[in-house]
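Report on one structure; see the data block that follows.
The values are calculated or read from the model by the stated rules, or taken from the named source; none is laboratory data. None of these values were measured; they are calculated from a predicted model. No Cβ is skipped: glycine too gets one built from the backbone with ideal geometry, and neighbour counts run over all protein chains shown.
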Amino acid sequence: MASNVSESDDVPGPATGAPPAGAGTTLPEAMTGRASPAKAAVGDKPVFAYIAGLPQPQRGIAEAVDALAAETLPHLQRSVKWGMAYYGVGDGWCFSCGGFAGHVKLMFINGATLEPVPPVTPVGMGRATRGVELASVDDLDARQVADWMRQIASVPGVGKRKR
C-alpha cells in the first residue's frame, strides 16, 4: 500500500466532512460480493466520501469506526474496495467497514486469530474473517474493537505488494 499523506492533508474526517450525500442510498441486506456501488480508490478522500454517502444510522456508525481506527492505529491507511472502506497499516489491509440495510459490518481479515474471536462469520469474505454487526453507535464496544484493531494490525494483512 502506498502512503497517501498528501491526500489526507487538510482533508476533513467523515464526522466533519462532506454533507449528507447518501440520504436516499439503498443498501444491500447482506454480503453479495459488494456492499455498495462505490468505486475502488486508495486514500482518505474516497473513504470519507463513501462514509458521507451512507444513510443514517449507518453513516454515524461508520464515522465512529473510522474515528476509532484513526485514534488507535498510527499510520492508518484507507481505501475503498468491493464497495466498502478498508483499513490497513504497513503493506496489507487489516479490516473493513461496510454499510448494509439495518447495520454496519466491521470485519477483521484473519479475525479467527483474534482474542476473543469476534462473533460474526460473514458469507463471502473468507473462512478466517470474523467481525461484528453494528445496528447503532451504542453497539460499538470501543475498548474491544480498538483491542481487535491493534491485534490485527500487528500481523501481516492481505494484499501485500509483491516486491
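Summary of computed values
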| item | result |
| --- | --- |
| Selection from segment 64-109 of residues that are farther than 20 Å from ARG130 by Cα and either buried (at least 22 other Cβ atoms within 10 Å of the Cβ) or in contact with a His (Cβ under 9 Å, 6 or more places away or on another chain) (or both) | GLN77, GLY90 |
| Odd one out for PHE48, checked against (1) on the phi < 0 side of the Ramachandran plot; (2) at pLDDT below 95; (3) not basic (Lys, Arg) | (2) |
| Spans of strands (runs of 3 or more DSSP E) in segment 91-149 with at least 3 residues of a type outside the set (A, V, I, L, M, F, W, C) | 92-100, 130-134 |
| Index of the failed condition, ALA101 passing every other in (1) in contact (Cβ under 8 Å) with a residue 40 or more places away in the chain; (2) within 14 Å of the chain's Cα centre (by Cα); (3) farther than 20 Å from PRO156 by Cβ | (2) |
